[in-house]
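Down below is the structure, laid out as structure tokens.
The values are calculated or read from the model by the stated rules, or taken from the named source; none is laboratory data. Every value quoted in this text rests on a predicted model; they were computed, and no experiment measured them. Here Cβ is always computed from backbone atoms with ideal geometry, including for glycine, and neighbour counts include all displayed protein chains. Only protein heavy atoms, including side chains, enter the accessible area calculation; ligands, DNA and RNA are left aside. Shrake-Rupley method; radii C 1.70, N 1.55, O 1.52, S 1.80 Å.
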Amino acid sequence: MILLFLTLTPIIAFALGMKLIPKIVELSHELHIFDLPDSRKIHKLPVPRLGGVVFLPIVIIAVAVAIVLMLRLDVDAARLWKGTVVQTFVAYLGGVMMLYIVGLYDDLHGVGYRTKFLVQIAAASILCVSGLWISNLQYVLFINELPFWIGMPLTVLFTVYVTNAMNLIDGIDGLASGLSIIALSVIALLNTTTGDTVWAMLSLAYIGVLTSFFYYNVFAHKHKTFMGDAGSLTLGFTLSFLILHYWQLEPVWNPHFHNVGIVAASTLVIPMFDVVRVMMSRIRDGRNPFLPDKNHVHHKLMRTGLDPRTTMLTLLALSLMFIATNYFMAAYISQTIMIFVDVVLFILMHLVINYYIRRKEKTDFIYKREYEV
């Protein structure tokens, strides 16, 4: 019965997304709410940016409908709410609503990065107060248990970090939504395996609405839309929450698979590592680390000559590679070594990209010189 409703949840979210996103796009045209092209952006024409406005309402509707139907059909309530702490559930709703509101206001009027940071910190702090904070690093960097006064700021830092990583990676069609679908699929599978039904349903509902958004963002022309900050901020906060929740669980389903928590985090290796690289690059060049540029991994891949669609598919494939690598390593090596391997692979990936950028620039230079002659 539970598996039936786990299947029903993304279907409801997908159907609502396919129906409501075109309506939001039409409203964006009526109100003239567009993401305008500039020197930093890929698109050449104004595109409606309110697609992500429907994410949170649709997810809440889909999860609520599924839960109500399950309870009315006498599904064991204890089994349904296993692994769900009421105050954590309420804290997530409060935090994600805060980011939804500030994201929507940013899409409509614009909000400075300082304001967004403050709201993100407040939303993350609510999670800590509810009892969800990093109390155990599970021997990452050989550290196990943490006191609250260290675990709370670390939790806030991680939540803000992941939230902004997803916001910053949203630079080409299908990338942020595609990476999120992959991450949420892994997290939904992990939560289903451990019996955390509500969090599995939350993940699956987001998968459903993101799949509909992916269609309109990548393939549709008449109703093409971007997710905007209302979508990317709530999505990033949700991913950070789900990763934190699973990471702090004891993996009772397989006692030999002792590092399974890092697999959940590895679903976002590319956006999380890339934001660190970009920030370090800006600081090294004496620029404000919070101001945008064209140095993200998707920008670099396009400088090798790849078109946006191929760039998106390449990064999705690389994300799957990181997840598979961590999954197979998890049973044999420590999480510290796994993180080290991920860092090495990420550096190698960029060395390869840099090589192809130089080769492309050299080829273009030779072609330009010959053409001028």
- Task: Among residues belonging to the range 154-181 that are part of a helix (DSSP H, G or I), open to solvent by less than 10 Å² (accessible area, probe 1.4 Å) and not hydrophobic (A, V, I, L, M, F, W, C), point out the one that is nearest to Met201 (Cα to Cα).
- Result: Ser180
- Task: Only residues in the range 1-24 that are assigned to a helix (DSSP H, G or I) and among the basic types (Lys, Arg) count as the first member; pair them with residues that are at pLDDT 95 or above and open to solvent by less than 20 Å² (accessible area, probe 1.4 Å), Cβ under 7 angstrom, at least 6 apart or cross-chain, and list the lot.
- Result: none
- Among the residues of the range 43-67, write down those that are assigned to a helix (DSSP H, G or I) and open to solvent by 50 Å² or more (accessible area, probe 1.4 Å). Pro57, Ile60, Ile61, Val65
- Message: Contact list please: Cβ distance under 6 Å, first residue in the range 346-363 and farther than 14 Å from Leu315 by Cα and open to solvent by 90 Å² or more (accessible area, probe 1.4 Å), second residue of a type in the set (S, T, N, Q) and not in a helix (DSSP H, G or I), pairs at least six apart or on different chains.
- Response: Tyr356/Thr304
- Scanning the range 323-335 residue by residue, those more than 19 Å from Asp274 (Cα to Cα) and in contact (Cβ under 8 Å) with a residue 12 or more places away in the chain turn out to be Tyr327, Met329, Ala330, Ala331, Ile333, Ser334, Gln335
- Residue by residue through the range 203-220, note down the ones that are at pLDDT 95 or above and either within 16 Å of Thr84 (Cα to Cα) or of a type outside the set (Phe, Trp, Tyr) (or both). Ser203, Leu204, Ala205, Ile207, Gly208, Val209, Leu210, Thr211, Ser212
- Query: Before we move on, is Leu190 modelled with pLDDT of 95 or more and open to solvent by 10 Å² or more (accessible area, probe 1.4 Å)?
  - Reply: no
- Item | Only one of Gly94, Gly103 that is surrounded by 20 or more Cβ atoms within 10 Å (Cβ to Cβ) and either closer than 28 Å to Val198 by Cβ or of a type in the set (Ser, Thr, Tyr) (or both) | Gly103
- Which residue out of Leu306, Leu320, Leu301, Leu291 is of a type in the set (A, V, I, L, M, F, W, C) and in contact (Cβ under 8 Å) with a residue 60 or more places away in the chain? Leu320
- Message: Tally up the residues in the range 301-316 that are assigned to a helix (DSSP H, G or I) and either farther than 18 Å from Leu351 by Cα or open to solvent by 60 Å² or more (accessible area, probe 1.4 Å) (or both), please.
- Response: 7
- Query: Which one is farthest from Phe340 (Cα to Cα), of the residues in the range 134-148 that are open to solvent by less than 70 Å² (accessible area, probe 1.4 Å) and part of a loop (DSSP other than H, G, I, E, B)?
  - Reply: Pro147
- Message: Being farther than 30 Å from Ile2 by Cβ and aliphatic (A, V, I, L, M) is the filter here; which residues of the range 201-226 pass it?
- Response: Val218, Ala220
- Task: Search the range 77-88 for residues that are outside any loop (DSSP other than H, G, I, E, B) and pair each with any residue that is modelled with pLDDT of 80 or more and open to solvent by 90 Å² or more (accessible area, probe 1.4 Å) when their beta-carbon atoms are under 7 Å apart and the residues are at least 6 apart or on different chains.
- Result: none
- Within the range 25-39, considering residues that are of a type in the set (Asp, Glu) and in a helix (DSSP H, G or I), the one modelled with the lowest pLDDT: Glu30
- Message: Cβ contacts < 7 Å: first residue of a type in the set (Gly, Ala, Ser), restricted to the range 137-166; second residue crowded, with 20+ Cβ neighbours inside 10 Å, any location; separation 6+ or different chain. Result?
- Response: Gly151/Trp133; Gly151/Ile134; Ala165/Gly236; Ala165/Leu268; Ala165/Pro271; Ala165/Met272; Ala165/Val275
- Check on Thr84, surrounded by fewer than 19 Cβ atoms within 10 Å (Cβ to Cβ) and of a type in the set (Ser, Thr, Tyr): yes
- Pick from the range 279-293 the residues that are touching a helix residue (DSSP H, G or I) at 6+ places or on another chain (Cβ under 9 Å) and open to solvent by 50 Å² or more (accessible area, probe 1.4 Å): which of them is farthest from Asn164 (Cα to Cα)? Arg287
